[in-house]
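Notes follow once the structure below has been shown.
The values are calculated or read from the model by the stated rules, or taken from the named source; none is laboratory data. Keep in mind it's a predicted model, so treat the numbers as computed, not measured. For neighbour counting, all protein chains shown are included, and Cβ atoms are generated from backbone atoms with ideal geometry for every residue, glycine included.
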Amino acid sequence: MRYSIFSLVGQALSGNRGWTPAWRRAAPKPHYDVVIVGGGGHGLATAYYLAKEHGLTDVAVVEKGYLGSGNVGRNTTIVRSNYLLPENIPFYEWSMKLWEGLEQELNFNVMVSQRGVLNLFHSDAQRNAFARRGNAMRLNGVDAELLDREEVRAMLPFADLDGARFPILGGLLQPRGGTVRHDAVAWGYARAADARGVDIVENCEVTGISVAGGRAHGIETSRGFIGADRVALSCAGNTSRVAAMAGLRLPIESHVMQAFVSEGLKPLIDNVVTFGAGHFYVSQSDKGGLVFGGDIDGYNSYAQRGNLPVMEDVVEGALALFPNLGRLRILRNWGGIVDMSMDGSPIIDKTPVDGLYLNGAWNYGGFKATPAAGWCFAHLIAKDVPHETAAAYRLDRFARGALIDEKGMGAQPNLH
Amino acid sequence: MRIKCPHCGERDAEEFSYRGAAGLERPDPHAPGAAAAFLDYIYMRDNPAGPLCELWYHHAGCRRWLVVTRDTRDHAITSVAFPPGAPQEPG
């Protein structure tokens with residue numbers, strides 16, 4: 001069923017009794033050309049682009065829970081391409097461009113809202129660093145504007161611009177950045193992939209990867225064995241655990257990242273705003289709640305819940321920036337498990353096991369990458385060569401010393 | 001999360017800094033295959049979902065390194081000890 005104003009009006013006039021499920025509840029077949037492990041945004045996008053761009057429709061996506069139960073529904077919905085390093089900018093900008101056309105592409109309202117991402121700076125040194133980043137972005141064709149204090153004041157009159165401790169000197173604005181309704185991204189890709197013949201198998205947890213003669217032949221799951229010519233891992237958060245089933249050991253630690261939503265407010269914060277003197281970022285959802293987050297908790301974790309110190313740190317950042325939030329109450333908080341890699345950058349690559357492909361190590365930034373990660377991973381699976389915008393995201397870069405360390409933190413995953 | 005420091009007693013996790021997995025041995029840089037050994041030592045991790053021996057530093061307390069065994073699935077801590085080779089007495 002194609003969604004349009006006509007389908008909406010037609011359904012409204014007929015009591016909304018004719019809506020059909022957005023995707024089939026597929027049971028796994030014995031064998032597929034490609035099996036994708038992980039029904040998050042990345043896995044579903046990969047399946048969609050495999051079918052759409054490469055004509056591969058004998059594809060299954062297996063998901064241990066229900067669609068949207070993992071990180072695609074646990075992030076803070078921010079999309080941006082304000083990166084510094086030449087290995088990263090083209091990839092994230094390609095993702096930004098795919099976001100901009102995604103609703104028409106999928107015929108699904110994913111609520112792309114290019115409300116601007118504003119990174120505040122609080123010192124001269126930080127201004128220099130942000131100017132450098134903005135210049136790198138503009139050299140690569142990405143939009144970036146360096147704002148002074150008065151331009152920030154016009155956007156955020158209620159921020160503590162003149163505080164003695166963290167005065168706001170200005171900000172780096174990416175006007176095309178913004179937010180996207182995250183679970184709609186999973187639903188939209190699932191529906192579009194399903195329409196092209198992809199089987200989406202929910203409640204199907206992978207328990208093993210069948211490898212013989214150095215080649216992957218399929219996966220063992222809670223719903224039986226599924227054979228496959230190519231097995232594609234797209235299960236960030238649990239990448240180490242699943243890859244270990246094929247004997248791989250990876251440069252990844254799993255960490256917990258918390259996010260928060262406040263009670264609803266009237267429209268207050270128009271953009272995505274990040275605090276530069278601590279780790280705090282915020283946007284306001286269409287329901288009115290402030291959606292915000294900060295640092296990862298900083299210790300290895302597979303528990304989808306964090307601890308109080310990080311919550312306190314995030315809230316301190318919020319109040320240092322916006323004192324008028326002092327009496328706002330937090331409505332909900334939750335945690336998601338992220339792959340923190342040793343250089344803070346992702347991996348989209350083949351593995352030492354033939355027929356086994358890896359997309360993971362997205363750190364805390366996988367959501368914004370969803371369309372391009374799917375696009376590039378599908379390209380790799382279909383053609384066996386990396387896509388040009390993801391050519392640096394190789395698994396062997398750690399052995400080659402070709403790290404992509406955007407924050408310059410070294411091999412200490414909890415610092416990225 | 002609270003960690004029972006053998007020297008200071010039970011304290012909030014906020015007092016501790018995290019280093020990562022314990023028991024990693026720095027390879028001999030002159031041994032054959034040192035490059036591969038350093039790749040494993042610096043970058044590769046088991047990253048288990050379950051009990052993990054890890055290093056925590058009690059920066060806001062006794063400033064000693066501790067080996068903590070913690071289940072990464074529920075943050076339950078089963079043992080806290082001074083590292084092997086370090087003085088085993090508190091203080």
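What to note about this one:
- Considering segment B:67-78, and only residues there that are in contact with a strand residue (DSSP E or B) (Cβ under 7 Å, 6 or more places away or on another chain) and surrounded by 13 or more Cβ atoms within 10 Å (Cβ to Cβ), the residue that is farthest from the other protein chains (Cβ to nearest Cβ) turns out to be B:Val67.
- Number of the condition not met by A:Ala190 [criteria: (1) buried (at least 24 other Cβ atoms within 10 Å of the Cβ); (2) part of a loop (DSSP other than H, G, I, E, B)]: (2)
- The residue of segment A:287-314 that is surrounded by the fewest Cβ atoms within 10 Å (Cβ to Cβ), among those that are within 13 Å of A:Phe275 (Cβ to Cβ) and within 14 Å of another protein chain (Cβ to nearest Cβ), is A:Asp313.
- Pick from segment A:104-125, criterion touching a residue at least 40 places away in the same chain (Cβ under 8 Å) and under 19 Å from A:Tyr49 (Cα atoms), ranking: surrounded by the most Cβ atoms within 10 Å (Cβ to Cβ): A:Leu106
- Within segment A:214-237, being buried (at least 23 other Cβ atoms within 10 Å of the Cβ), outside any strand (DSSP E or B) and on the phi < 0 side of the Ramachandran plot holds for A:Ser234, A:Cys235, A:Ala236.
- Taking every residue in segment A:389-416 that is in contact (Cβ under 8 Å) with a residue 40 or more places away in the chain and within 10 Å of chain B (Cβ to nearest Cβ) and pairing it with any residue that is among the hydroxyl-bearing types (Ser, Thr, Tyr) and outside any helix (DSSP H, G or I), at least 6 positions away or on another chain, the pairs with Cβ-Cβ distances below 8 Å are A:Phe398/B:Tyr43; A:Leu403/A:Ser345; A:Ala411/B:Tyr43; A:Pro413/A:Ser341; A:Asn414/A:Tyr299; A:Asn414/B:Tyr18.
- Residue match in segment B:50-66 (condition: within 14 Å of chain A (Cβ to nearest Cβ), outside any loop (DSSP other than H, G, I, E, B) and touching a residue at least 60 places away in the same chain (Cβ under 8 Å)): yes
- Residues of segment A:310-337 satisfying the condition of being out of contact with any strand residue (DSSP E or B) (no Cβ under 7 Å at 6 or more places or on another chain) and not hydrophobic (A, V, I, L, M, F, W, C): A:Glu312, A:Glu316, A:Pro323, A:Asn324, A:Gly326, A:Arg327
- Scan segment A:132-160 for residues that are under 16 Å from A:Pro86 (Cα atoms) and either in a helix (DSSP H, G or I) or among the hydroxyl-bearing types (Ser, Thr, Tyr) (or both) and the total you get is 8.
- Residues (under 26 Å from A:Gly40 (Cβ atoms) and charged (D, E, K, R)) located in segment A:308-347: A:Arg332, A:Asp339, A:Asp343
- Residues in segment B:3-14 that are touching a residue at least 40 places away in the same chain (Cβ under 8 Å) and either in a loop (DSSP other than H, G, I, E, B) or over 30 Å from B:Met44 (Cβ atoms) (or both): B:Lys4, B:Pro6, B:His7, B:Cys8, B:Arg11.
- Residues located in segment A:48-70, provided they are more than 18 Å from A:Cys376 (Cα to Cα), touching a helix residue (DSSP H, G or I) at 6+ places or on another chain (Cβ under 7 Å) and surrounded by fewer than 23 Cβ atoms within 10 Å (Cβ to Cβ): A:Gly68
Condition check ((1) without any contact (Cβ under 8 Å) to a residue 60 or more places away in the chain; (2) surrounded by 22 or more Cβ atoms within 10 Å (Cβ to Cβ); (3) among the β-branched types (Val, Ile, Thr)) across all residues:
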site	(1), (2), (3)
A:Phe6	yes, no, no
A:Gly18	yes, no, no
A:His31	no, no, no
A:Val34	no, yes, yes
A:Thr46	no, yes, yes
A:Val79	no, yes, yes
A:Pro90	no, no, no
A:Met96	no, yes, no
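- Members of segment B:34-72 that are under 13 Å from the mean Cα position of the chain (by Cα) and farther than 21 Å from A:Met340 by Cα: B:His58, B:Arg64, B:Trp65, B:Leu66, B:Val67
- Reported count of residues in segment B:20-39, each being surrounded by 16 or more Cβ atoms within 10 Å (Cβ to Cβ) and either within 9 Å of chain A (Cβ to nearest Cβ) or aliphatic (A, V, I, L, M) (or both), is 4.
- A:Gly163 being surrounded by fewer than 24 Cβ atoms within 10 Å (Cβ to Cβ), assigned to a loop (DSSP other than H, G, I, E, B) and modelled with pLDDT under 95: yes
- Answer from A:Ala259, A:Ala228, A:Ala236, A:Ala277 - the residue that is closer than 25 Å to A:Ser301 by Cα and either among the β-branched types (Val, Ile, Thr) or more than 14 Å from chain B (Cβ to nearest Cβ) (or both): A:Ala259
- Any hit, segment B:2-17, residues being within 14 Å of chain A (Cβ to nearest Cβ), buried (at least 16 other Cβ atoms within 10 Å of the Cβ), within 13 Å of the chain's Cα centre (by Cα) and at positive phi: no
- Within segment A:239-269, being assigned to a loop (DSSP other than H, G, I, E, B) and either in contact with a helix residue (DSSP H, G or I) (Cβ under 7 Å, 6 or more places away or on another chain) or buried (at least 24 other Cβ atoms within 10 Å of the Cβ) (or both) holds for one residue alone: A:Pro251.
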